[in-house]
Every structure is written in structure tokens, then in C-alpha cells.
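What follows is a single structure, written as C-alpha cells, with notes after it.
The values are calculated or read from the model by the stated rules, or taken from the named source; none is laboratory data. Worth saying up front: this structure is predicted, and the values here are computed from it rather than measured. Note that we place each Cβ from the backbone using ideal geometry, even for glycine, and neighbour counts take in every protein chain shown.
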Amino acid sequence: MDLLNTLVDKGLRRELPTREEALAVLATSDDELLDVVAAAGKVRRQWFGRRVKLNYLVNLKSGLCPEDCSYCSQRLGSKAEILKYTWLKPDEASQAAAAGVAGGAKRVCLVASGRGPTDRDVERVGKTIEAIKEQNEGVEVCACLGLLSDGQAERLKDAGADAYNHNLNTSEATYGQITKTHTYADRVDTVQKAHAAGLSACSGLIAGMGESDEDLVDVVYSLRELDSDSVPVNFLIPFEGTPLAKEWNLTPQRCLRILAMVRFVCPDVEVRIAGGREVHLRSMQPLALNIANSIFLGDYLTSEGQAGQADLDMIADAGFEVEGAGTTTLPAHRADALAAARSAAAQGPCGSSAAEAGCGSACGGCSGHGHEAVAAQASAPEPAAVPQPAQAPAGEVRSDLVAVRRRGAGTDLAPNA
């Protein structure tokens with residue numbers, strides 16, 4: 001079909017599709033689905049071959065979060081029966097990370113609940129990063145600690161962090177329906193701070209919260225504008241005890257269309273199938289590997305994932321290969337641009353180091369968004385669900401598909417890697 005041929009041509013040239021073209025991908029029929037996957041696969045192979053990058057999550061601090069994000073099982077007022085624990089010690093986190101690295105993970109993602117880190121928290125995470133890198137040669141470390149204050153991204157980079165994750169999650173127009181305790185602008189500001197410090201920016205979205213096709217396209221276009229190196233695509237896991245517990249709006253076909261749209265808009269970035277892939281893609285996960293080039297191995301923050309060995313078998317059976325530690329994930333032009341950004345951040349504005357200059361986020365051309373958090377702690381209202389074909393009957397809660405994590409970091413049980 002002409003649309004897909006046009007999108008492939010644009011993807012191979014790194015040319016931005018029109019909004020109408022991106023929306024048209026989401027509107028394709030089930031009869032056209034395999035054609036959509038094949039087209040997105042051509043773009044994926046151009047930039048990433050048949051490699052699949054494995055990432056491994058370590059939840060440094062679980063639950064007890066003061067923010068009110070409606071999708072999150074760790075939110076203020078959540079009744080989800082998840083694990084709750086305070087900071088893991090550096091050696092505990094390093095042991096957890098080692099399990100993922102042993103399973104083939106190239107990147108370890110260190111995540112902590114909360115609005116954002118204190119300077120003491122940054123120091124604590126810095127020691128954890130150093131411990132992980134000492135024990136696992138060549139591993140990448142991505143930190144995900146919430147909203148950053150000036151100078152914190154630079155300190156994480158100095159400690160050895162390679163990347164920083166902070167997702168936009170949904171469009172700016174609907175963000176206030178999902179979260180009240182901070183703003184969309186706060187999130188943009190943090191991604192820009194990571195960029196300015198020379199960290200690889202990792203920022204993505206959550207699909208399935210009742211958003212429209214226009215919202216999905218809006219947030220993906222914003223991610224391209226922010227120039228994220230990796231874009232995690234999460235599919236909402238409707239946890240019992242959260243405001244979005246009954247939002248079952250996704251089908252495997254819908255998930256594949258969303259992934260394809262992301263690939264066409266962000267052709268040369270690491271597109272990662274993140275939380276919820278087992279719940280919503282189910283038996284069509286291998287097909288999604290033709291679009292995305294990255295997944296999380298094993299469990300997530302508060303929910304159980306597919307067994308690590310099953311992930312490895314799936315990758316091999318689908319004809320893909322796990323990306324080795326010696327391989328650069330990003331295409332050469334993006335890797336070179338990231339290296340240049342790191343060098344510029346290290347030099348500061350006048351040849352001095354960024355830390356000496358005390359320039360914070362200003363060096364990277366940040367827009368200067370301030371933190372405009374709303375003091376209200378009330379739960380966000382549930383957005384209207386987008387009608388989807390073949391979804392569960394209205395009101396049906398499919399808690400049988402949502403398994404709360406009871407193993408790995410913060411428990412006495414071995415991790416699932």
C-alpha cells in the first residue's frame with residue numbers, strides 16, 4: 001500500500017512522517033496488520049539489523065511514593081499489594097544486577113520510587129553504579145530516579161551512569177488527567193537536564209490509559225523532538241488498587257500498530273518493548289521483535305515478567321540474536337552525536353568542566369521550565385476509555401493476568417533472570 005511504502009522510504013532516510021501518516025498507521029485494519037509489521041521491520045533492520053538488546057530492571061526502592069500517577073502501583077494511596085522497601089545497599093543492588101547480566105542483559109536500569117532524588121540519594125546511587133561497574137565489565141547503567149534538580153544529572157554521569165530514564169508517558173494535553181502532583185513540563189525539563197549533562201536520554205510512553213490516537217501521536221512526536229536515544233513503549237498493567245485498574249483497552253493487534261507508529265516516527269532510536277508486553281502482546285510477542293530492537297529481561301518493578309530463559313528462547317526462535325556487550329546499540333550517526341554531547345558537557349561553556357562552571361541545565365539549551373508541582377494530592381480522574389475491538393467486557397477486571405512481583409531485589413527469593 002502507498003502509505004507503507006512512503007513510511008519505509010521516510011524511515012530509511014530518517015525523515016519525519018506527517019501526523020496524518022502516523023495516525024493512519026494506528027487506523028489500519030487487521031487485514032493489513034502483517035503488512036504494517038513487515039514495513040516497520042524494514043526500517044528496524046536498516047538501523048539495528050536483527051539484534052535485540054536486553055535490559056534488566058533493579059528496583060532500588062519500592063512503593064511509598066508521594067506522587068499520584070494514576071497508572072502506578074507505587075502511587076500515593078495505592079492499595080496494590082506490592083512489595084514495599086527502602087533503599088537497597090550498593091552490594092545488594094549489584095548482586096541483583098549480576099543476575100540480569102548473567103542472563104545476557106547489556107544495560108542495568110536502576111529505578112527508585114519517589115518524586116525525585118535528594119543529593120544524598122544521588123550519592124547513594126552513585127556508589128551503587130560504581131559497585132555494579134566494578135563487578136560487571138562493559139555493562140551500561142541507566143538511572144531512573146524521578147525529577148532531577150540542577151547538577152544531579154552531572155553527578156550521576158561522574159559516578160559512571162550512561163543514561164537517564166524519565167518517561168513523558170502521555171500527551172501534554174491529557175497529562176493533567178493522569179497526574180496532579182507534577183506537570184508535563186517538569187518531565188520535559190528532566191529529560192533536557194539529562195541531555196545537557198551528556199547522558200543518553202531514555203524517555204517513552206504508556207499506552208492503554210484511555211488516550212486517543214491523537215494523544216499517542218502527540219507524545220511520540222514530542223519524544224522525537226526531545227531526541228531521546230531510546231524510547232520504551234509500556235502497555236498499561238491495570239493494577240488492582242489504582243484508579244486505572246479497569247482500563248483494559250489494548251489488544252495484541254493494537255499494541256503492534258502502536259509499536260509500528262513509534263518505529264516510523266523514531267526510525268533510528270532504540271525502541272524498547274517495556275512493561276505489559278506479556279499481558280497485552282501475549283503470544284504475539286515474537287512478531288513485535290520485528291519492530292522493536294530492545295526488551296526488558298525477566299521481571300519488572302512491581303510485576304512479574306516472562307521467565308528470563310523464555311525470553312531468550314523467544315528471541316532465538318524468532319530468528320533474532322542477543323546484542324553483545326561489544327556492540328554499539330545506536331547507529332553510528334547517533335552514537336557519534338552522543339559522544340560529542342558528552343564531550344561538550346564535560347568541557348562546560350568556556351572550556352572548564354560543567355561542574356566547575358555550575359551551569360546546571362543551561363549548557364544544553366534547556367527551555368528553563370521550572371517545577372510547577374500542584375500541591376493537591378487527590379487521585380487523578382479516570383479518563384474516558386477509547387473503544388477498541390475485541391476488548392474485555394466492560395467492567396471485567398483481568399487480575400489473573402497481573403502477577404505481583406514477589407522475587408528478586410528486596411526479597412529472599414532469587415531473581416527471575
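Would you confirm, using the coordinates I've provided, whether Arg334 is of a type outside the set (A, V, I, L, M), surrounded by fewer than 23 Cβ atoms within 10 Å (Cβ to Cβ) and modelled with pLDDT under 95? Here the answer is no, as Arg334 does not meet what is asked. Taking helices (runs of 4 or more DSSP H) as the structural unit, those lying wholly within the range 93-190 and holding at least 1 residues that are touching a residue at least 24 places away in the same chain (Cβ under 8 Å) and touching a Lys or Arg at 6+ places or on another chain (Cβ under 9 Å) correspond to 119-135, 152-158.
So which residues in the range 290-310 are hydrophobic (A, V, I, L, M, F, W, C) and in contact with a Lys or Arg (Cβ under 9 Å, 6 or more places away or on another chain), if there are any at all?
Within the range 290-310, the subset hydrophobic (A, V, I, L, M, F, W, C) is 291-292, 295-297, 301, 307, 310.
Those that are hydrophobic (A, V, I, L, M, F, W, C) and in contact with a Lys or Arg (Cβ under 9 Å, 6 or more places away or on another chain): Ile291, Ala292, Ile295, Phe296, Leu301.
Whenever a residue of the range 221-243 is of a type in the set (Lys, Arg), its partners that are buried (at least 21 other Cβ atoms within 10 Å of the Cβ), lying with C-beta atoms within less than 8 angstrom and at least six residues away or across chains, give the pairs Arg224/Val265; Arg224/Cys266.
Has the range 231-239 got at least one residue that is over 15 Å from the mean Cα position of the chain (by Cα) and at negative phi? Before you say what the answer is, go through the steps one by one.
If we filter the range 231-239 for residues that are over 15 Å from the mean Cα position of the chain (by Cα), which is where we start, we get 238-239.
Those left that are additionally at negative phi: 238-239.
Yes, the range 231-239 has at least one match.
Among all positions in the range 257-267, there is no residue which is within 23 Å of Asn165 (Cβ to Cβ), part of a loop (DSSP other than H, G, I, E, B) and aromatic (Phe, Trp, Tyr). Here Gly241 passes the criteria (1) assigned to a helix (DSSP H, G or I); (2) at pLDDT below 95 except the one numbered (1).
Can you give me the number of residues within the range 21-67 that are outside any helix (DSSP H, G or I) and either free of Cβ contacts under 8 Å to residues at least 40 places away in the same chain or of a type in the set (Lys, Arg) (or both)? Walk me through how you get there before you give the answer.
Of the residues in the range 21-67, the ones outside any helix (DSSP H, G or I) are 27-29, 49-67.
After this cut, where a residue has to be either free of Cβ contacts under 8 Å to residues at least 40 places away in the same chain or of a type in the set (Lys, Arg) (or both) as well, the list is 29, 49-51, 53, 61.
Within the range 21-67, residues that are outside any helix (DSSP H, G or I) and either free of Cβ contacts under 8 Å to residues at least 40 places away in the same chain or of a type in the set (Lys, Arg) (or both) number 6.
Residues that are buried (at least 24 other Cβ atoms within 10 Å of the Cβ), more than 22 Å from Ala403 (Cα to Cα) and touching a Lys or Arg at 6+ places or on another chain (Cβ under 9 Å) do occur in the range 231-252, at least one of them.
Where residues in the range 144-173 are of a type outside the set (D, E, K, R) and farther than 16 Å from Asp189 by Cα, which of them is surrounded by the fewest Cβ atoms within 10 Å (Cβ to Cβ)? It comes out as Ala173. Answer yes or no: is there a residue in the range 51-68 that is surrounded by fewer than 16 Cβ atoms within 10 Å (Cβ to Cβ) and in contact with a Leu (Cβ under 8 Å, 6 or more places away or on another chain). Checking the range 51-68: at least one residue is surrounded by fewer than 16 Cβ atoms within 10 Å (Cβ to Cβ) and in contact with a Leu (Cβ under 8 Å, 6 or more places away or on another chain). Looking at the range 297-340, which of its residues are closer than 30 Å to Gly241 by Cβ and either of a type in the set (Val, Ile, Thr) or touching a Ser or Thr at 6+ places or on another chain (Cβ under 9 Å) (or both)? Of everything in the range 297-340, those that are closer than 30 Å to Gly241 by Cβ and either of a type in the set (Val, Ile, Thr) or touching a Ser or Thr at 6+ places or on another chain (Cβ under 9 Å) (or both) turn out to be Leu301, Thr302, Ser303. In the range 262-298, what count of residues is obtained for those that are over 14 Å from the mean Cα position of the chain (by Cα) and either modelled with pLDDT under 95 or more than 30 Å from Ala332 (Cα to Cα) (or both)? Residues in the range 262-298 being over 14 Å from the mean Cα position of the chain (by Cα) and either modelled with pLDDT under 95 or more than 30 Å from Ala332 (Cα to Cα) (or both): 8 in total.
Taking the conditions (1) more than 18 Å from Asn55 (Cβ to Cβ); (2) surrounded by fewer than 24 Cβ atoms within 10 Å (Cβ to Cβ); (3) aromatic (Phe, Trp, Tyr); (4) modelled with pLDDT of 95 or more in turn, Phe320 satisfies each one other than (1). Just so you know, in the range 101-145 the residues that are small (Gly, Ala, Ser) and in contact with a Cys (Cβ under 9 Å, 6 or more places away or on another chain) include one that is nearest to Met314 (Cα to Cα), and it is Ala143.
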